[in-house]
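Working notes, beginning with the structure itself.
The values are calculated or read from the model by the stated rules, or taken from the named source; none is laboratory data. Just so we're clear, the structure is a prediction, and the values are computed from it rather than from any experiment. Backbone-built Cβ (ideal geometry, glycine too); neighbour counts: all protein chains shown. To get the accessible areas, we keep the full protein, side chains included, count just its heavy atoms, and leave off ligands, DNA and RNA. Shrake-Rupley method; radii C 1.70, N 1.55, O 1.52, S 1.80 Å.
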Number of protein chains: 6
Amino acid sequence: MGVVVQNIARAPAVVIDGLARAGVATVHEAQGRSGCLHSYMRPIYAGAQIAGSAVTISAPPGDNWMVHVAIEQLQPGDILVLAPTSPCDNGYFGDLLATSAMARGCRGLVIDAGVRDVRDLTAMGFPVWARAISAQGTVKETLGSVNVPIVCAGQAIVAGDVIVADDDGVVVVPRADAASVLAAAEARLAAEEAKRQRLAAGELGLDIYDMRARLAAKGLKYV
Amino acid sequence: MGVVVQNIARAPAVVIDGLARAGVATVHEAQGRSGCLHSYMRPIYAGAQIAGSAVTISAPPGDNWMVHVAIEQLQPGDILVLAPTSPCDNGYFGDLLATSAMARGCRGLVIDAGVRDVRDLTAMGFPVWARAISAQGTVKETLGSVNVPIVCAGQAIVAGDVIVADDDGVVVVPRADAASVLAAAEARLAAEEAKRQRLAAGELGLDIYDMRARLAAKGLKYV
Amino acid sequence: MGVVVQNIARAPAVVIDGLARAGVATVHEAQGRSGCLHSYMRPIYAGAQIAGSAVTISAPPGDNWMVHVAIEQLQPGDILVLAPTSPCDNGYFGDLLATSAMARGCRGLVIDAGVRDVRDLTAMGFPVWARAISAQGTVKETLGSVNVPIVCAGQAIVAGDVIVADDDGVVVVPRADAASVLAAAEARLAAEEAKRQRLAAGELGLDIYDMRARLAAKGLKYV
Amino acid sequence: MGVVVQNIARAPAVVIDGLARAGVATVHEAQGRSGCLHSYMRPIYAGAQIAGSAVTISAPPGDNWMVHVAIEQLQPGDILVLAPTSPCDNGYFGDLLATSAMARGCRGLVIDAGVRDVRDLTAMGFPVWARAISAQGTVKETLGSVNVPIVCAGQAIVAGDVIVADDDGVVVVPRADAASVLAAAEARLAAEEAKRQRLAAGELGLDIYDMRARLAAKGLKYV
Amino acid sequence: MGVVVQNIARAPAVVIDGLARAGVATVHEAQGRSGCLHSYMRPIYAGAQIAGSAVTISAPPGDNWMVHVAIEQLQPGDILVLAPTSPCDNGYFGDLLATSAMARGCRGLVIDAGVRDVRDLTAMGFPVWARAISAQGTVKETLGSVNVPIVCAGQAIVAGDVIVADDDGVVVVPRADAASVLAAAEARLAAEEAKRQRLAAGELGLDIYDMRARLAAKGLKYV
Amino acid sequence: MGVVVQNIARAPAVVIDGLARAGVATVHEAQGRSGCLHSYMRPIYAGAQIAGSAVTISAPPGDNWMVHVAIEQLQPGDILVLAPTSPCDNGYFGDLLATSAMARGCRGLVIDAGVRDVRDLTAMGFPVWARAISAQGTVKETLGSVNVPIVCAGQAIVAGDVIVADDDGVVVVPRADAASVLAAAEARLAAEEAKRQRLAAGELGLDIYDMRARLAAKGLKYV
């Protein structure tokens, strides 16, 4: 506790933006079905789809002091990612902090706790994925850390990892894997388009994916 | 496990469509306040109001193979209803499966688990009532069954039962009761309209429903 | 149980309306970070921001009889606040009761249980903050009480207390404190505006709030 | 609602008692990994291991009137199984009802709600599997039903089905399957004993169950 | 926040001890089925049955400073009752604080948060009813209050109210009602004994409580 | 997925055993109040207090194949630590697997899922800390990994880290920190003994820890 790591490596912007376009479900599949944060992490408004480099915050329950410290570490394209050191649904973040974060180019917030001023944040176009919406305020008394490894909503996240978030939730991609995951995601998207057309035309997945023999071998019985 | 029932009986389309118009709360009351699935089953977007015949799926946790099998059993007007064999919030279903289901006339999905690609599903107009929104993918390794009796979100459902779903949640009507429940629902709706006008004019439920004497008999005291 | 308190004191309308304008987060901070109901209390639609005097209802699980009794006690500007005597997610309230409550000038409902007919309520513009959306109906068999002290979603509420509710949730202000809390809230709002502009211009909270020395004294280390 | 089915079929006592000896985990496996009630159903004390014929109760939230009605339907060797019509954790059952049930030969209670007087019940040796322990009392105002099909903690249960319960939880066996499930369970127990001795001697499941080739074929890599 | 009320009124010791003997379920019924804390409040070991005067603590999440302040206010026969100002499961209390509290005659702790050192507390015979068992430590940075009104696990509690706790959970009795509730509880216990003997002899509650006519009038049907 | 790491480093046995003696709460404090797994991880029986080197398992929901693979990797003094790749409460582990693990010197299991055969495990003295007790069985179809980094119940765990578990729950100590954490834990235990005696003699924490001036400076008011 009480450490701020100032220099973190980030993935290339072109990779990050490609992952944003691919979206959470595709990226998650492309990296071997891993990296999804718990499904209770929900967007405060529909339609945002972003990616960015994680600036991580480890904060005590009910204490948002480290958010101020973290904002100084933001670079354009970053996403704040906050995990409390024990479960807490307080509203750590609201419109003033969002104003400050946006002024530094921050793309959004992922927080395994609460957020408030959601009407203002929606109007500002500052997206947040949170465990709770709560007006409950916090104090500024106890240190946490910035840009140290954290566990947020069930996933280990290192500062500089790529965060992708949309209406399906949030996924983390380790920085070193970002380019290869993007390549796999784009390949997957290309392959999906052909399947979508065949399915729309009435072909069955049972046939497209050649499942019938394997189902029969497993013992599936039609009655 | 490992059984697909191919021929199921369905209620008449005119009855099903009448139940859709009546909506979940009215249908639930009309069949004696029974049949509501747990309240955690929420629509992925507001405004859809549907009814259809249940094509049921019993699937292992984290395995969506049986969805492909079930889609072949769909007839126009059906609704897919999936219950995992133990609690699971994985995203069993996304836009490709929805494309396939829509191609066969499916009206929607009720799933006591997770769904993904919710932005696409919303754009496609394919409504889903789910326990969770989750990008977490699934495998295709273990058999389940299709059109066997299941328990979904607290209600026993038999293939061919009528599912009604709207912004209030989901209710199931046993197929054999569908016509009589529709009649009761329509009678209820007719009766409500007169009450609505009297209440809007300022009359009290205490008087319209003649409650004062019974409240006093029970011992209600005004102080 | 079984008591209806008919005469309750209310805060002045001008104070109540001022608190509505200030909103939940500001009012909560202005009264010393207290009074927030649990964060599971969510609005059925976005955008409503109201305040009013609490008409309280203590009701048994699965029994909405007392809602009818409470509606007679409503005056224009009031808000119904219902707490079940044990946890329950039934839909105690729907469009007919809302029609009746609106006819008496009621501004909304706060209910630590379920609500139904949410599409109709949205169309009517009758806002509700609830623990659940559920079509499950209730009976009218057992007495509760109206305008007695209750605990609703974690907060003690006395009839006539001011309820403020918006997209961030719900906060209660004791009636006797309403005027002073409003003054503090308005002072807070005025002070925030200057800060917002400085933050938008890129100044850091670390500097505006003079946090650096105190952080260093606590031992924060930059690496 | 409002129906009491008086004559129900029961499985043979010798089959029921055999299932009790086999225990929940074995019985569940023996019937194809099905029938387990949700894992939140926990015994009020450790060490009880029972089986019996289900006498089912469907009861409104917060209303235990039907328990009295059900007790009259008990025969020696039965187990009471109660499901509320919507989620409720009230204490529907305590030492007086247990005294009455024991007087009729009842072996225990499975309740997807609350129970109270747990110290007395423990002293009496009356085992209960419940969702909650709660002193919250109930009323006797609204009818439910006895010996109708119910869904209890996620499983459909018909009166006369065999309930098996021990420290691992609760499983239901359809009455018609009871004898064949018992046979499968006993075969399973016999087969397990040999495996237990080989495992205790240090042999690995990888070898006993011949898993290595299949793991390699799936792609497992040792590094 | 930041207030310690030093002089609180307490109920007579003889009344408190009588309520302890009556136990939670009986006391709850005797005061009209009110006062039970949420059922998630569980004892750390079975068999304790106590009553005492509440010394209340309102504490921030993750901060146990006020426990030290509260201990100075304890008198023999008191029970500490702690509610965090927002949901928190940290271990606020362990064996050192228990040693200190016992030295002042404290009978136990009721805490809507976590407790730790449960093996030591069990060995010391210091009973605790808690929402969680957690080793997670707390800080001492932010003030709370002692002996102010709180809401703990869903019940409003004023310092000096009588807390009764046993294996069924926790109930609060307002100090002013303590004597009359004890009288009602003792009457209830006396009446129960006769019923228990009749039930044990095989008489049915249906007959003892004369329920058959009322059930028939409500429409109960035997088939 | 699909990787087994065969050679992992472990902390010295003397350090591990020292951490076991210190217990979870002390170890957690000694490493700066970090490392506690979520409080829902509970022991299946009271009184076990162990430490060991983590052999980690990442397993799909409802699939326990990797447990067999992991057991081969066990050395005497190890603890199995299993995290499912998405939330699951199935009973992955029972008495046969425990027999096998014990034959290899395994000290216990920490599993963010379910366990079964708890009566047998208790009799065998094989301790388990789990999220659930569940008889629900699993399949052996999909690969996971062994001795890769996992997140278990909210904590990142690397194979070879030291796991400490007792009645207060579970804490993880990074292997590299184990010796220094042990030293800090032992210092803490030594210091606590003196405090315990002073507290038992009636001295107050307010005085022993010199809190009065700081409380007054923060503004605490006695009324």
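Taking segment D:178-205, which residues are hydrophobic (A, V, I, L, M, F, W, C), surrounded by 16 or more Cβ atoms within 10 Å (Cβ to Cβ) and without any contact (Cβ under 8 Å) to a residue 24 or more places away in the chain?
D:Leu199, D:Leu204, listed by residue number.
Which condition from (1) touching a strand residue (DSSP E or B) at 6+ places or on another chain (Cβ under 6 Å); (2) more than 10 Å from every other protein chain (Cβ to nearest Cβ) is the one that C:Ala184 breaks?
Status for C:Ala184: all satisfied but (1).
Does E:Ala123 qualify as being open to solvent by 30 Å² or more (accessible area, probe 1.4 Å) and small (Gly, Ala, Ser)?
The answer is yes for E:Ala123.
With E:Ala130, E:Ala103, E:Ala70, E:Ala59 as the choices, which residue is without any contact (Cβ under 8 Å) to a residue 40 or more places away in the chain and aliphatic (A, V, I, L, M)?
E:Ala103
Could you count how many residues in segment D:106-120 are open to solvent by 30 Å² or more (accessible area, probe 1.4 Å), touching a residue at least 24 places away in the same chain (Cβ under 8 Å) and either aromatic (Phe, Trp, Tyr) or assigned to a helix (DSSP H, G or I) (or both)?
Looking only at that region, the number is 1.
Could you list, in sequence order, all residues of segment B:122-170 that are out of contact with any Asp or Glu (no Cβ under 6 Å at 6 or more places or on another chain), assigned to a loop (DSSP other than H, G, I, E, B) and hydrophobic (A, V, I, L, M, F, W, C)?
Residues satisfying the conditions are B:Phe126, B:Leu143, B:Val148, B:Val158, B:Ala159.
Output the residue which, of all residues in segment D:100-133 that are at the interface with chain E (Cβ under 7 Å from one of its Cβ atoms) and aliphatic (A, V, I, L, M), is farthest from C:Gln136 (Cα to Cα).
D:Ala103
Inside segment E:134-177, can you point out the residues that are more than 20 Å from E:Ala51 (Cβ to Cβ) and surrounded by 24 or more Cβ atoms within 10 Å (Cβ to Cβ)?
Once the filter is applied, which keeps residues that are more than 20 Å from E:Ala51 (Cβ to Cβ) and surrounded by 24 or more Cβ atoms within 10 Å (Cβ to Cβ), segment E:134-177 yields E:Ser134, E:Ala135, E:Gln136, E:Thr138, E:Gly144, E:Val146.
For the list (1) farther than 25 Å from F:Cys88 by Cα; (2) assigned to a strand (DSSP E or B), I need the number of the one condition that B:Arg214 fails.
(2)
Select from segment A:1-55 the residues that are assigned to a helix (DSSP H, G or I) and open to solvent by 40 Å² or more (accessible area, probe 1.4 Å) and write down the one among them that is nearest to the other protein chains (Cβ to nearest Cβ).
The selected residue is A:Arg21.
Given the criterion away from chain E (no Cβ under 14 Å), in a strand (DSSP E or B) and either open to solvent by 30 Å² or more (accessible area, probe 1.4 Å) or closer than 22 Å to C:Met211 by Cα (or both), identify the matching residue among A:Leu97, A:Leu82.
A:Leu82
Looking only at segment B:56-68, how many residues end up being under 19 Å from the mean Cα position of the chain (by Cα) and either closer than 17 Å to B:Gly114 by Cβ or within 14 Å of chain F (Cβ to nearest Cβ) (or both)?
Number of matching residues: 4.
Residues being open to solvent by 70 Å² or more (accessible area, probe 1.4 Å) and among the hydrophobic types (A, V, I, L, M, F, W, C): count how many of those fall in segment F:206-223.
Residues meeting the conditions: 3.
Name the residues in segment E:85-94 that are of a type outside the set (Phe, Trp, Tyr), within 14 Å of chain A (Cβ to nearest Cβ) and assigned to a loop (DSSP other than H, G, I, E, B), would you?
The answer is E:Thr85, E:Ser86, E:Pro87, E:Cys88, E:Asp89, E:Asn90.
If A:Ile71 meets every condition in (1) within 7 Å of another protein chain (Cβ to nearest Cβ); (2) open to solvent by less than 20 Å² (accessible area, probe 1.4 Å); (3) part of a loop (DSSP other than H, G, I, E, B) apart from one, which number is that one?
Result: A:Ile71 passes all but (3).
Condition test on B:Ala153, is it over 16 Å from the mean Cα position of the chain (by Cα), over 30 Å from A:Glu192 (Cα atoms) and among the small types (Gly, Ala, Ser)?
No, not satisfied.
Going by the structure shown, is B:Val146 away from chain F (no Cβ under 14 Å), in contact (Cβ under 8 Å) with a residue 60 or more places away in the chain, closer than 29 Å to D:Gly35 by Cβ and under 16 Å from the mean Cα position of the chain (by Cα)?
For B:Val146, the condition - away from chain F (no Cβ under 14 Å), in contact (Cβ under 8 Å) with a residue 60 or more places away in the chain, closer than 29 Å to D:Gly35 by Cβ and under 16 Å from the mean Cα position of the chain (by Cα) - is not met.
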